[in-house]
Every structure is written in structure tokens, then in C-alpha cells.
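Trainee: Supplied in C-alpha cells, the structure appears directly below.
The values are calculated or read from the model by the stated rules, or taken from the named source; none is laboratory data. Everything numeric here is computed off the predicted structure, so don't read it as measured data. Every residue, glycine among them, receives a Cβ derived from its backbone with ideal geometry; neighbour counts consider all protein chains shown. The accessibility values were calculated without ligands, DNA or RNA, using every heavy atom of the protein model including side chains. Shrake-Rupley method; radii C 1.70, N 1.55, O 1.52, S 1.80 Å.
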Amino acid sequence: GRPIDNIRLYVLDRHRNLVPSCVAGELYIAGAGVAQGYVNQPELTARCFVADPYQENARMYKTGDQASWSEDGKLYYLGRRDKQVKIHGIRVELGEIENAIASCPGVRGHALEQVEFKQNDRTLAAFIVLDEEGSIETIRQMLSDRLPGFMMPGFIIPVESILLTPNGKTDSRAMLERYADRISKRSDAPPSSFGNDPISAAVKYAVEEVLTVPVCRERDSF
């Protein structure tokens, strides 16, 4: 659709430049409907309520939504930006993985977070609240049957509850901090398919240095 009266909608790139029609960007809202900020959350307010570069002394709200303008001036909603991540160079839609997790029997609650060990070395951690009949091994098997290898979470961790922010959303930072000791770089990797001879070790080292990601995970392909 189109913005209502006294509201300005911008679709911007990561440098907050306007993007052309039919190009996806992040949706920002400005105008009379923009609030002052989040109550008692100055850090979140500073991150989401930013200066409007296209109107003097005005602010705009960073929505976290993806959108694009059509050539006839209509705005199309494309989904949440924070639901798309890049894993091993492949863009992954977290919603697809979350739906697969939610469809597994025994899942009472879940959260999916991205874990970054260093630049370009990322994986996913699935935190799952089980009911009495739930089994992590069963869930792992069902997900491996339903998802391609690059979408499979590197870590599937049973938890008692999903931590929430005051707004009722998953508290990603708190989840990763609380269970940091259960997330290590190599614990989800099966035994190496490389040999132990010097040539194999040299090839493995060279590939990891070039790609800046660990190799030898059977479910990963390059």
C-alpha cells in the first residue's frame, strides 16, 4: 500500500541511502506517528530511533522490516531483516528453520540464534523447550530429514525456558550468554573426513585460511 497522511516511509540501504524502485531495503518510518522511544530502554531507543537525513530536525524509526517500492509507488512488505542470515556464504531464512522445529513433536517452545565465532565463521544455535515426550535426538533426525545441510543448526540445545525481553520478544543476547558454555566451535562437527598425513593436513589448513570457515563437516559442502 501507500503511507497514510503525515507519515513518510523510506526504503533505505545499509548506508541509509534511498534505494530504487523494485530493490529491497530496510523500511524506516518518519512523520507524526513516530514515538519518542522505548520506555526505560535508552540503548534500544538510540538504536532504533535515528536522525532523519531527509528532513531537518526530524527522526525516523528503524523497523527491521524489508520492503520495496513498486514502479507505481506502492510499498511491498518482504519480511523481517533479522530473519535472514548468511551461513557459509548462503542466505538462510530463519523462519523456514523455525517452522521445521515447531513442527517436530515434543517442542513446547524454541528460539533460533546466529552464533559468530569470527568473521565469516557462523552457525546457528537452536534452543528448544521440550515437553515430557520430547527428544533432542528425534528432533535432530527430523530436522536433518527436512532441511538441507546448510540450514541445519550447528547446535541443538535443550533449555528450561526461552528468555524474553520486557517487550515479550526473545532476548537473543541473554540466551547466548547463558548457554555460552554449551556452544563451542568444534563440538558440533563430526570426525574429520581428512586423513592425518601431512599433505591432507596442509590442504585442510589452506582451505580454512582461504574460506575463513572450518571445513570437514560432512553436512557442509563447498
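Trainee: Go through (1) touching a helix residue (DSSP H, G or I) at 6+ places or on another chain (Cβ under 9 Å); (2) crowded, with 17+ Cβ neighbours inside 10 Å; (3) not acidic (D, E) for R80 and report which single condition fails.
Mentor: Result: R80 fails condition (2) only.
Trainee: Out of everything in the range 18-60 that is touching a residue at least 12 places away in the same chain (Cβ under 8 Å) and of a type in the set (D, E, K, R), what residue ends up being surrounded by the fewest Cβ atoms within 10 Å (Cβ to Cβ)?
Mentor: Taking the candidates together, the pick is R47.
Trainee: To continue, here is another question. Restricting attention to strands (runs of 3 or more DSSP E) lying wholly within the range 3-100, give those where 1 or more residues are at pLDDT 90 or above and not aliphatic (A, V, I, L, M).
Mentor: Values: elements: 7-12, 25-31, 49-51, 59-69, 75-80, 84-87, 90-93.
Hits in the range 3-100: 7-12, 25-31, 49-51, 59-69, 75-80.
Trainee: Okay, moving on. Taking the condition open to solvent by less than 20 Å² (accessible area, probe 1.4 Å), touching a residue at least 12 places away in the same chain (Cβ under 8 Å) and assigned to a loop (DSSP other than H, G, I, E, B), does P166 pass?
Mentor: No, not satisfied.
Trainee: Report yes if R16 is in contact with a Pro (Cβ under 8 Å, 6 or more places away or on another chain) and more than 30 Å from S161 (Cβ to Cβ), otherwise no.
Mentor: Here the answer is yes, as R16 does meet what is asked.
Trainee: For the structure I just gave you, tell me whether P148 is out of contact with any strand residue (DSSP E or B) (no Cβ under 6 Å at 6 or more places or on another chain) and closer than 30 Å to A32 by Cβ.
Mentor: So P148 fails the test.
Trainee: Can you tell me which of (1) within 19 Å of the chain's Cα centre (by Cα); (2) touching a residue at least 12 places away in the same chain (Cβ under 8 Å); (3) open to solvent by 20 Å² or more (accessible area, probe 1.4 Å) is the one A100 doesn't meet?
Mentor: Answer for A100: the failing condition is (3).
Trainee: Output the residue which, of all residues in the range 130-158 that are over 23 Å from V85 (Cα atoms) and among the β-branched types (V, I, T), is most open to solvent (accessible area, probe 1.4 Å).
Mentor: So the residue we want is T138.
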